[in-house]
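The values are calculated or read from the model by the stated rules, or taken from the named source; none is laboratory data. As the structure is a computational prediction, the values presented were derived from the model and not from experiment. Because the Cβ atoms are built from the backbone with ideal geometry, glycine has one as well, and the counts that use them run over all protein chains shown.
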Amino acid sequence: MRRRSDERYNLAIGQVSDNQSVNAGENAGTGQRGGFWRRYVVLLHEGFGQAHYDIMLELEPGAKLATWQSPAWPITARTVTRRLPDHRREYLEYEGPVSGGRGRVRRISGGSCAVRQRGDDEILVRFEGDAVMLLTHEGGGQWAWIPAANITLDGP
């Protein structure tokens, strides 16, 4: 795994301070879509192979949801996930059977997150409650989700 300096990731995610409220899918305090605040959902997917979590992020307003299959949620240590095809936005609110007899999903977590993409191979995500994850592409469909307690997301 590559080592990263904290200074390299001392970057902003939006103009949202810790004192501002975050509205799902909206910029905090503005009531408008856009900026860096996006929606996310975590679904427990059972009845189709090994039970796992589907972590879905809105990387761009109105876009399909970038989706990763994870063996764990919440992620508390470096976890290798598998990138899946983007999913329909309906999953932000959906619970129930998955089409084609592919099991069922149940919502575990969801809300707002701030997203900062750094090229094609790195994504920083700040979830409501200030949990920060660094996602790094490790080749093929494999991505590491790394809790980023030492990364600051301050400044413009």
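The table below lists the values:
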read-out: Options 96, 62, 47, 101; residue that is touching a Gly at 6+ places or on another chain (Cβ under 7 Å) and farther than 18 Å from residue 127 by Cα; value: 47
read-out: Close pairs (8 angstrom Cβ cut-off, 6 or more residues apart or separate chains): among the small types (Gly, Ala, Ser) in segment 51-68, in a strand (DSSP E or B) anywhere; value: 51/44; 51/45; 63/86; 66/56; 66/57; 66/83; 66/86
read-out: Test: residue in segment 123-142 that is closer than 22 Å to residue 36 by Cα, among the acidic types (Asp, Glu) and at pLDDT 95 or above; value: no
read-out: Residue list for segment 119-142, filter: β-branched (Val, Ile, Thr), within 17 Å of residue 42 (Cβ to Cβ) and touching a residue at least 60 places away in the same chain (Cβ under 8 Å); value: 123, 125
read-out: Filter result (within 22 Å of residue 144 (Cα to Cα), more than 13 Å from the chain's Cα centre (by Cα) and either modelled with pLDDT of 95 or more or not in a loop (DSSP other than H, G, I, E, B) (or both)) within segment 12-48; value: 44, 45
read-out: Flag for residue 105 being more than 15 Å from residue 147 (Cβ to Cβ), of a type outside the set (Gly, Ala, Ser), part of a strand (DSSP E or B) and at pLDDT 95 or above; value: yes
read-out: Verdict on residue 77 being surrounded by fewer than 15 Cβ atoms within 10 Å (Cβ to Cβ) and in contact (Cβ under 8 Å) with a residue 40 or more places away in the chain; value: yes
read-out: Residue selected from segment 49-89 under the condition assigned to a loop (DSSP other than H, G, I, E, B) and β-branched (Val, Ile, Thr), by the criterion nearest to residue 108 (Cα to Cα); value: 75
read-out: Flag if residue 9 is of a type in the set (Phe, Trp, Tyr), more than 16 Å from the chain's Cα centre (by Cα) and either modelled with pLDDT of 95 or more or under 20 Å from residue 147 (Cβ atoms) (or both); value: yes
